[in-house]
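Quick one: the structure is below, questions incoming.
The values are calculated or read from the model by the stated rules, or taken from the named source; none is laboratory data. Values in this document were obtained by computation on a predicted structure and should not be read as measured data. Cβ: placed from backbone, ideal geometry, glycine included. Neighbour counts: every protein chain shown. SASA here: full protein model, heavy atoms, side chains in, ligands and nucleic acids out. Shrake-Rupley method; radii C 1.70, N 1.55, O 1.52, S 1.80 Å.
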Amino acid sequence: MRFPSLVTGLIYFSLLAIQVCHAEKAPATEPREIDWTELMPPEELEKLESMPPVDHGGASPFEEGPVDPLAQEAANAVAQAMDPEWQAILSSTNVRPEFDGALIKIPGFVVPLEFNEENAATEFFLVPYMGACIHVPPPPPNQIIYVKPVEPLKMDRMWEPYWVVGTLRTELMENDIAQAAYTMAAQLVFLYEE
(Lines give C-alpha, C1' and ligand atoms only; values in the text may rest on other atoms or scores of the structure.)
Protein backbone atom coordinates (compact mmCIF):
# COMPACT_ATOMS: atom_id res chain seq x y z
CA MET A 1 0.00 0.00 0.00
CA ARG A 2 2.98 2.35 0.05
CA PHE A 3 3.03 2.56 -3.72
CA PRO A 4 -0.17 4.73 -4.09
CA SER A 5 1.09 7.09 -1.35
CA LEU A 6 4.40 7.44 -3.13
CA VAL A 7 2.69 8.18 -6.47
CA THR A 8 0.32 10.68 -4.80
CA GLY A 9 3.30 12.39 -3.15
CA LEU A 10 5.21 12.60 -6.42
CA ILE A 11 2.19 14.04 -8.22
CA TYR A 12 1.65 16.58 -5.43
CA PHE A 13 5.28 17.78 -5.49
CA SER A 14 5.31 17.86 -9.32
CA LEU A 15 2.21 20.05 -9.37
CA LEU A 16 3.69 22.26 -6.67
CA ALA A 17 6.90 22.69 -8.71
CA ILE A 18 4.90 23.56 -11.84
CA GLN A 19 2.86 26.09 -9.87
CA VAL A 20 6.02 27.75 -8.50
CA CYS A 21 7.55 27.96 -12.00
CA HIS A 22 4.42 29.59 -13.42
CA ALA A 23 4.22 32.04 -10.52
CA GLU A 24 7.77 33.23 -11.27
CA LYS A 25 6.91 33.81 -14.93
CA ALA A 26 3.54 35.47 -14.31
CA PRO A 27 3.36 39.07 -15.52
CA ALA A 28 3.53 41.80 -12.93
CA THR A 29 0.16 43.20 -11.98
CA GLU A 30 1.58 46.23 -10.18
CA PRO A 31 3.51 48.66 -12.38
CA ARG A 32 7.13 49.36 -11.57
CA GLU A 33 7.61 53.04 -10.76
CA ILE A 34 10.65 54.30 -12.63
CA ASP A 35 12.68 57.47 -12.92
CA TRP A 36 13.60 59.04 -16.27
CA THR A 37 17.30 58.35 -15.79
CA GLU A 38 16.55 54.62 -15.68
CA LEU A 39 15.59 54.78 -19.37
CA MET A 40 19.15 55.76 -20.33
CA PRO A 41 21.84 53.11 -20.75
CA PRO A 42 24.15 53.30 -17.69
CA GLU A 43 27.22 54.33 -19.71
CA GLU A 44 25.36 57.29 -21.25
CA LEU A 45 23.99 58.37 -17.89
CA GLU A 46 27.51 58.22 -16.45
CA LYS A 47 28.86 60.43 -19.27
CA LEU A 48 25.98 62.86 -18.83
CA GLU A 49 26.54 63.13 -15.08
CA SER A 50 30.30 63.59 -15.48
CA MET A 51 30.10 66.44 -17.99
CA PRO A 52 31.34 69.69 -16.48
CA PRO A 53 29.08 72.74 -16.52
CA VAL A 54 29.84 75.24 -19.26
CA ASP A 55 31.96 78.14 -18.00
CA HIS A 56 31.11 81.44 -19.62
CA GLY A 57 33.83 83.26 -17.71
CA GLY A 58 31.31 85.19 -15.64
CA ALA A 59 29.80 86.73 -18.77
CA SER A 60 26.10 87.30 -18.81
CA PRO A 61 24.07 86.30 -21.85
CA PHE A 62 22.64 89.84 -21.69
CA GLU A 63 24.40 93.10 -22.16
CA GLU A 64 22.31 94.82 -19.50
CA GLY A 65 20.15 93.71 -16.60
CA PRO A 66 20.12 90.69 -14.34
CA VAL A 67 20.92 87.14 -15.48
CA ASP A 68 17.81 85.18 -16.36
CA PRO A 69 18.33 81.58 -15.16
CA LEU A 70 16.33 80.13 -18.07
CA ALA A 71 18.36 82.14 -20.60
CA GLN A 72 21.58 81.05 -18.88
CA GLU A 73 20.43 77.43 -19.05
CA ALA A 74 19.65 77.84 -22.76
CA ALA A 75 23.10 79.39 -23.36
CA ASN A 76 24.71 76.46 -21.52
CA ALA A 77 22.73 74.01 -23.64
CA VAL A 78 23.91 75.69 -26.86
CA ALA A 79 27.55 75.67 -25.73
CA GLN A 80 27.37 72.02 -24.65
CA ALA A 81 25.70 71.07 -27.91
CA MET A 82 28.93 71.98 -29.69
CA ASP A 83 30.77 69.17 -27.84
CA PRO A 84 30.66 65.94 -29.97
CA GLU A 85 30.35 63.66 -26.92
CA TRP A 86 27.51 65.78 -25.55
CA GLN A 87 25.86 65.82 -28.99
CA ALA A 88 25.96 61.99 -29.13
CA ILE A 89 24.15 61.78 -25.78
CA LEU A 90 21.59 64.43 -26.81
CA SER A 91 20.65 62.47 -29.93
CA SER A 92 20.90 58.95 -28.50
CA THR A 93 18.27 56.39 -29.41
CA ASN A 94 19.98 53.74 -27.26
CA VAL A 95 17.49 52.09 -24.93
CA ARG A 96 17.39 49.69 -22.01
CA PRO A 97 16.13 46.45 -23.65
CA GLU A 98 15.07 45.02 -20.28
CA PHE A 99 12.22 47.58 -20.23
CA ASP A 100 10.67 46.23 -23.46
CA GLY A 101 7.25 44.88 -22.46
CA ALA A 102 7.54 46.13 -18.85
CA LEU A 103 4.51 47.51 -17.05
CA ILE A 104 5.71 50.86 -15.66
CA LYS A 105 4.52 54.01 -13.94
CA ILE A 106 6.42 57.21 -14.76
CA PRO A 107 5.77 60.91 -14.10
CA GLY A 108 6.19 63.49 -16.83
CA PHE A 109 4.79 66.33 -18.88
CA VAL A 110 2.49 65.95 -21.88
CA VAL A 111 3.28 67.29 -25.34
CA PRO A 112 0.06 66.68 -27.32
CA LEU A 113 0.40 65.42 -30.89
CA GLU A 114 -3.09 64.44 -32.06
CA PHE A 115 -6.56 65.47 -30.86
CA ASN A 116 -10.08 64.10 -31.21
CA GLU A 117 -13.21 66.19 -31.92
CA GLU A 118 -13.55 67.01 -28.17
CA ASN A 119 -10.03 68.48 -28.22
CA ALA A 120 -8.64 65.66 -26.05
CA ALA A 121 -5.17 64.28 -26.83
CA THR A 122 -5.27 60.87 -28.49
CA GLU A 123 -1.48 60.73 -28.89
CA PHE A 124 1.27 62.57 -27.04
CA PHE A 125 4.91 62.61 -26.09
CA LEU A 126 5.69 62.19 -22.40
CA VAL A 127 8.81 64.17 -21.47
CA PRO A 128 10.75 64.66 -18.21
CA TYR A 129 10.41 68.45 -17.91
CA MET A 130 7.88 71.15 -18.72
CA GLY A 131 8.25 72.90 -22.06
CA ALA A 132 10.35 70.15 -23.68
CA CYS A 133 9.81 70.01 -27.45
CA ILE A 134 7.80 73.25 -27.35
CA HIS A 135 9.86 76.05 -25.77
CA VAL A 136 13.24 74.36 -25.50
CA PRO A 137 15.02 71.75 -27.61
CA PRO A 138 13.67 68.22 -27.12
CA PRO A 139 15.34 65.82 -24.72
CA PRO A 140 17.31 62.88 -26.17
CA PRO A 141 15.04 60.33 -27.88
CA ASN A 142 15.72 57.87 -25.05
CA GLN A 143 14.14 60.44 -22.72
CA ILE A 144 10.90 60.74 -24.71
CA ILE A 145 8.01 58.28 -24.67
CA TYR A 146 5.39 58.28 -27.42
CA VAL A 147 2.08 57.52 -25.67
CA LYS A 148 -1.24 56.34 -27.06
CA PRO A 149 -3.67 56.40 -24.12
CA VAL A 150 -6.68 54.08 -23.86
CA GLU A 151 -8.81 57.11 -22.98
CA PRO A 152 -8.08 60.45 -24.71
CA LEU A 153 -6.59 63.01 -22.30
CA LYS A 154 -8.45 66.30 -21.78
CA MET A 155 -5.90 69.07 -22.17
CA ASP A 156 -7.36 71.52 -19.66
CA ARG A 157 -4.31 71.11 -17.37
CA MET A 158 -1.54 70.76 -19.92
CA TRP A 159 1.19 72.47 -17.90
CA GLU A 160 0.90 70.12 -14.94
CA PRO A 161 2.76 66.82 -14.55
CA TYR A 162 0.96 63.51 -14.99
CA TRP A 163 1.52 59.91 -13.97
CA VAL A 164 1.35 57.53 -16.92
CA VAL A 165 0.92 53.78 -16.43
CA GLY A 166 1.27 51.28 -19.24
CA THR A 167 3.35 48.79 -21.15
CA LEU A 168 6.62 50.25 -22.40
CA ARG A 169 8.11 49.22 -25.74
CA THR A 170 11.56 49.93 -27.15
CA GLU A 171 10.37 51.21 -30.53
CA LEU A 172 11.39 54.32 -32.43
CA MET A 173 8.67 56.81 -33.29
CA GLU A 174 9.36 60.06 -35.11
CA ASN A 175 7.33 63.09 -36.13
CA ASP A 176 7.95 66.77 -36.90
CA ILE A 177 8.42 67.68 -33.23
CA ALA A 178 10.83 65.02 -32.00
CA GLN A 179 11.92 61.40 -32.06
CA ALA A 180 11.02 58.96 -29.26
CA ALA A 181 13.02 55.80 -28.52
CA TYR A 182 10.18 54.36 -26.41
CA THR A 183 6.46 53.91 -27.00
CA MET A 184 3.67 53.09 -24.57
CA ALA A 185 0.12 51.87 -24.65
CA ALA A 186 -1.10 53.80 -21.60
CA GLN A 187 -3.74 52.18 -19.43
CA LEU A 188 -3.95 55.14 -17.04
CA VAL A 189 -3.05 58.83 -17.24
CA PHE A 190 -3.74 60.97 -14.18
CA LEU A 191 -2.47 64.15 -12.52
CA TYR A 192 0.75 63.78 -10.58
CA GLU A 193 0.48 63.77 -6.82
CA GLU A 194 3.23 62.82 -4.41
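Show me, for segment 110-124, the HN-Hα J-couplings you get by feeding each phi into the Karplus relation (A = 6.51, B = -1.76, C = 1.60, θ = phi - 60°), rounded to Hz, glycine and proline as x.
8, 10, x, 10, 10, 10, 9, 5, 8, 6, 9, 6, 9, 8, 7
Turning to a different aspect of this structure: In nm, to one decimal, how far is the residue 116 label point from the residue 157 one, both placed 7 Å along Cα→Cβ?
Result: 1.9 nm between the two label points.
Over all pairs of distinct alpha carbons, what does the Kirkwood formula give as the hydrodynamic radius of segment 94-194, in Å? All intermediate terms of the calculation are to be shown ahead of the outcome.
On the way: mean 1/r = 0.0748 Å⁻¹.
With all distinct Cα pairs of segment 94-194 included, I get 13.4 Å.
State to the nearest 20 debye the size of the charge dipole of segment 88-194 about its Cα centre, where the only charges are +1 on K and R beta carbons and -1 on D and E beta carbons. Could you put the intermediate results ahead of the total?
On the way: 6 positive and 14 negative charges, 57 e Å.
Value, rounded to 20: 280 debye.
Same structure, new question: How much area per residue is accessible in segment 88-150 when the probe is 1.4 Å and only protein heavy atoms are counted (Å²)?
On the way: 2700 Å² over 63 residues.
Per residue, segment 88-150 has an accessible area of 43 Å².
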